[in-house]
Amino acid sequence: MKLLYFAWVRQKVGLAEETVTPPPEVRDVAGLMSWLATRSPGHADAFAHAAQIRAAVNQDFAPASTPVAANDEVAFFPPVTGG
Amino acid sequence: MARVLVQREVFDLGAESALLSEGRTDVGGIASFVGICRADDGLAAMTLEHYPGMTERALAAIAAQAESRWPLTGCTVIHRHGRMLPGDPIVLVLTASRHRIAALESCAFLIDWLKTKAPFWKAEEFADGTTRWVDAKAEDDAATARWGA
């Protein structure tokens with residue numbers, strides 16, 4: 001699974017992207033966030049702010065209940081501020 | 001089919017506007033919005049980060065929404081990324097139609113929607129060297145909501 005991080009999520013995690021193999025019990029975006037929080041102090045710091053983090057699965061905005069699978073591209077970021 | 005560009009380079013409002021009317025006689029008006037980097041609170045620069053790939057998809061989907069809601073003869077959305085200085089143009093929205101109301105309304109819709117539905121993030125730099133990520137604003141969500149789902 002390819003993961004991408006943007007804005008302060010990227011800065012806290014310390015990576016712009018990484019490839020991971022989550023355990024089988026990780027089935028959705030919420031589960032993935034909980035699992036990622038255990039990977040490093042940087043991940044823990046970023047995902048401690050879970051309520052402020054939005055996600056996209058395969059480049060579509062995705063609520064926390066969205067299923068995730070091995071070949072998905074999943075991105076985590078703060079609420080958008082373009083325009 | 002809208003013209004959607006995500007680029008570092010500055011855009012040319014006059015040239016982009018001309019593209020929407022040249023060679024045709026059915027265009028009655030073109031509405032434009034240019035978003036510009038403001039220097040609030042001693043801001044020295046602003047850097048826009050985006051999600052390559054998703055950004056283009058999201059902007060195209062937003063433009064398609066505008067084209068489905070209003071009878072447009074053309075539509076252009078250009079959003080820059082990278083580092084901007086106060087006064088620099090950031091985003092351009094152009095909508096062309098036979099009549100003004102469709103052009104003006106769809107232009108407002110596009111800028112409201114892209115503020116809350118396109119994956120861009122602004123980081124502000126200040127003269128004292130500090131930086132901070134811009135927080136999303138409730139008023140932007142409200143502006144998006146006024147157009148319905």
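Please treat every number below as a calculation from the coordinates, not as lab data. Bear in mind the structure is a predicted one, so any value in this text is a computation, not a measurement. All Cβ positions, glycine included, derive from the backbone under ideal geometry; neighbour counts span all protein chains shown.
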*Pick out which of B:LEU104, B:LEU59, B:LEU94 has the largest mean-square fluctuation in a Gaussian network model of chain B, springs linking Cα atoms closer than 10 Å.*
B:LEU104
*Which percent of the Cα-Cα distances in chain B go past 28 Å?*
20
*For all pairs of alpha-carbon atoms in the range B:73-149, what percent lies in each bin of width 10 Å, listed from the first bin to the last filled one?*
15, 39, 32, 11, 2
*asked:* If I fit a long axis through the Cα atoms of helix B:100-117 and take the longest principal axis of the Cα atoms of chain B, what angle between them do I get, 0 to 90°, rounded to 10?
replied: 30
_the protein assembly as shown - Debye-derived log10 I(q)/I(0), Cα point model, q = 0.11, 0.13 Å⁻¹_ = -0.61, -0.82
*Measuring from label point to label point, each 7 Å out along Cα→Cβ, what is the B:VAL10 to A:GLU73 span in nm?*
3.2
*Sum -39500 (n - 2.57) across every DSSP H segment of at least 4 residues in chain B, then divide by the residue count to get the 222 nm mean residue ellipticity, nearest 500.*
-11000 deg cm²/dmol
*For B:116-124, mean number of other protein chain Cβ atoms within 10 Å*: 6
*asked:* How large is the direction-averaged shadow of the alpha-carbon convex hull of the range A:2-77, in nm²?
replied: 4.2
